[in-house]
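Below is one structure, written out as structure tokens, with a few remarks after it.
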Amino acid sequence: MTTPTAIAVDGVLVVGGGYAGVHAARSVIRAGRRAFIIDPTGRHDFVTRLAAVAGGTAPESDASASLSDFSDDVIVGSMASIVDGAVTLNDGRTFTADAVVVTAGAVPLAPSIEGLDFALPLRTAADASRLRAKIDIASSVVIVGGGATGVQLAGAVAAKHRSVAVTLMDGAQTLLAGLGAATGGDAARILGDRGVDVRLGSDVDEIGEGSVNVAGDMFEGLPVWAAGYTARADDFGFPVERSGRIDVDQFLRVRGWSRTFAAGDVAAHRDAQGRELPMSAQIAVQAGEVAGRNALRLLRGDTLDRARLSHRGWVLDLGGFRGLAEFGPVTLSAPFLDLVPPVLHWAIDVKHLIETRGLGGLSDAPS
Ligand SMILES: Cc1cc2nc3c(=O)[nH]c(=O)nc-3n(C[C@H](O)[C@H](O)[C@H](O)COP(=O)(O)OP(=O)(O)OC[C@H]3O[C@@H](n4cnc5c(N)ncnc54)[C@H](O)[C@@H]3O)c2cc1C
């Protein structure tokens, strides 16, 4: 049996075609070099719109677009293993490059809860389509996880499907625990006005095909799992921080490696004060741009740029023309102010489309 030869690409190899991936590729392509994007589906999922797609307040066409709209060089496949500068796919092909950017995102957390597999996840366009079809025929839905995903999904389902009973549960004592207490309270108010049954301090014991059990109480409905995400980067042999995200240096290079950078949810990014930044599209876009630029500088033999990443705030769309935004001490979530964030959320999604696909992307702008 002969060993397959590695395929050397002339440019930057980008693993993952999500927010960090397309922005890394864009930095490279705009400088006149080729960016080869490896992705399992060959499509870019608009993850920030998936709650609206699954809940039915946005059309299915908002969920994803072909990566060939972003780059001429798309390789359909999934990274199975990596060493510095060489990526092997699950079909056995190995690609090598002088600079690689890993942006493989994150997957839903999977704690050991009995029956967890019965709960539907929401991370990819395929997840959103599956969930949308199930919600369309459901009479009740039980969403586990009161973070950004669960809150946006509960809002969308309740806005679109008035006859569906929606329960949103979380183990914490507030919704949106990573945000300010007032914002979590306003989320509960908006969802409560729409008839969502918000259950806080509810740790799930067991999940069934059509039920979720909490401390002996059974909540009937389609179970949905929205209780956080993990990078699982150690599965690929990367050096990781305690969070499971890749340990990167100030240039977003994998620590101790020379030719491989990492950006987005998969990597542990920090701000100027050394605080770990949240998994967000906004950080993934910033980090993807820096990693793409540094990959290019490495190819050219230039000195690398230090990453200066910052978390500017959250903008969440709860459907039904209501939402929440928080920029440091400034919040837009009180009654009437909560009309503004859905417009901002839409504007951010359109900006992402224009930046990555040019003005031509506007024909596919989210509705
Ligand atoms: C429902 C939902 C709503 C959200 N809403 C917001 C919001 O409103 N605002 C906000 O800022 N953030 C939001 N987030 C978080 C945000 O979407 C993520 O932080 C962002 O997508 C991270 O970008 P990324 O490029 O790191 O990962 P992703 O966008 O997930 O992209 C990762 C890519 O890597 C590919 N990939 C995975 N494994 C492999 C492999 N082995 N080989 C090759 N490719 C691989 C995937 O197919 C995918 O295309 C939301 C998240 C969810 C789930």
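One table, with the values for the structure above:
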quantity	calculated
Condition broken by Ala104, with the remaining ones in (1) under 16 Å from Asp234 (Cα atoms); (2) under 22 Å from the mean Cα position of the chain (by Cα); (3) in a strand (DSSP E or B) satisfied	(3)
Ala63, sole failed condition from (1) within 17 Å of the chain's Cα centre (by Cα); (2) near the ligand (Cβ under 9 Å from one of its atoms); (3) buried (at least 22 other Cβ atoms within 10 Å of the Cβ)	(2)
Boolean, Asp234 is part of a loop (DSSP other than H, G, I, E, B) and free of Cβ contacts under 8 Å to residues at least 60 places away in the same chain	no
Residue that is part of a helix (DSSP H, G or I) and surrounded by 16 or more Cβ atoms within 10 Å (Cβ to Cβ), where the choices are Thr149, Thr88, Thr57	Thr149
Residue within region 131-145 that is of a type in the set (D, E, K, R) and under 19 Å from the mean Cα position of the chain (by Cα) present	yes
Among (1) in contact (Cβ under 8 Å) with a residue 40 or more places away in the chain; (2) under 17 Å from Val285 (Cα atoms) - the single one Val9 does not satisfy	(2)
Residues being hydrophobic (A, V, I, L, M, F, W, C) and under 19 Å from Ser61 (Cα atoms) - total across region 84-139	7
Subset of region 271-282 (residues that are surrounded by 15 or more Cβ atoms within 10 Å (Cβ to Cβ) and in contact with a strand residue (DSSP E or B) (Cβ under 8 Å, 6 or more places away or on another chain))	Leu277, Met279, Ser280
Residue count, region 272-301 (criterion: more than 21 Å from Arg312 (Cα to Cα) and without any contact (Cβ under 8 Å) to a residue 40 or more places away in the chain)	3
Residue list for region 3-33, restricted to those being away from the ligand (no atom under 12 Å from the Cβ) and under 24 Å from the mean Cα position of the chain (by Cα)	Val12, Arg26, Ser27, Val28, Ile29
All positions within region 272-294 that are of a type outside the set (Ser, Thr, Tyr), within 15 Å of the ligand (Cβ to nearest atom) and either part of a loop (DSSP other than H, G, I, E, B) or within 16 Å of Ala31 (Cβ to Cβ) (or both)	Leu277, Pro278, Met279, Gly288, Glu289, Val290, Ala291, Gly292
Subset of region 304-359 (residues that are under 26 Å from Asp69 (Cα atoms), in contact with a Gly (Cβ under 8 Å, 6 or more places away or on another chain) and of a type in the set (Val, Ile, Thr))	Ile354
Residue that is nearest to Arg132 (Cα to Cα) [pool: residues in region 34-50 that are of a type outside the set (Val, Ile, Thr) and near the ligand (Cβ under 9 Å from one of its atoms)]	Leu50
Per-region count, region 214-235, residues crowded, with 17+ Cβ neighbours inside 10 Å and over 19 Å from the mean Cα position of the chain (by Cα)	5
Single residue of region 239-252 satisfying the filter (under 21 Å from Gly17 (Cβ atoms) and assigned to a strand (DSSP E or B)) that is farthest from the ligand (Cβ to nearest atom)	Val248
Selected residue (criterion: surrounded by the most Cβ atoms within 10 Å (Cβ to Cβ)) from residues of region 117-146 that are in a loop (DSSP other than H, G, I, E, B) and of a type in the set (Val, Ile, Thr)	Thr124
All positions within region 311-341 that are within 11 Å of the ligand (Cβ to nearest atom) and either in a strand (DSSP E or B) or buried (at least 20 other Cβ atoms within 10 Å of the Cβ) (or both)	Trp314, Val315, Leu316, Asp317, Leu318, Gly323, Leu324, Ala325, Pro341
Filter pass, Ser243 being under 30 Å from Gly85 (Cα atoms) and surrounded by fewer than 21 Cβ atoms within 10 Å (Cβ to Cβ)	yes
Count - residues of region 253-270 that are more than 15 Å from Ile82 (Cα to Cα) and part of a loop (DSSP other than H, G, I, E, B)	5
Leading residue by the ranking (surrounded by the fewest Cβ atoms within 10 Å (Cβ to Cβ)) among those in region 152-170 that are under 24 Å from Leu109 (Cα atoms) and either among the aliphatic types (A, V, I, L, M) or at pLDDT below 95 (or both)	Met169
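The values are calculated or read from the model by the stated rules, or taken from the named source; none is laboratory data. Everything quoted here is computed from the prediction, not taken from an experiment. Because the Cβ atoms are built from the backbone with ideal geometry, glycine has one as well, and the counts that use them run over all protein chains shown.
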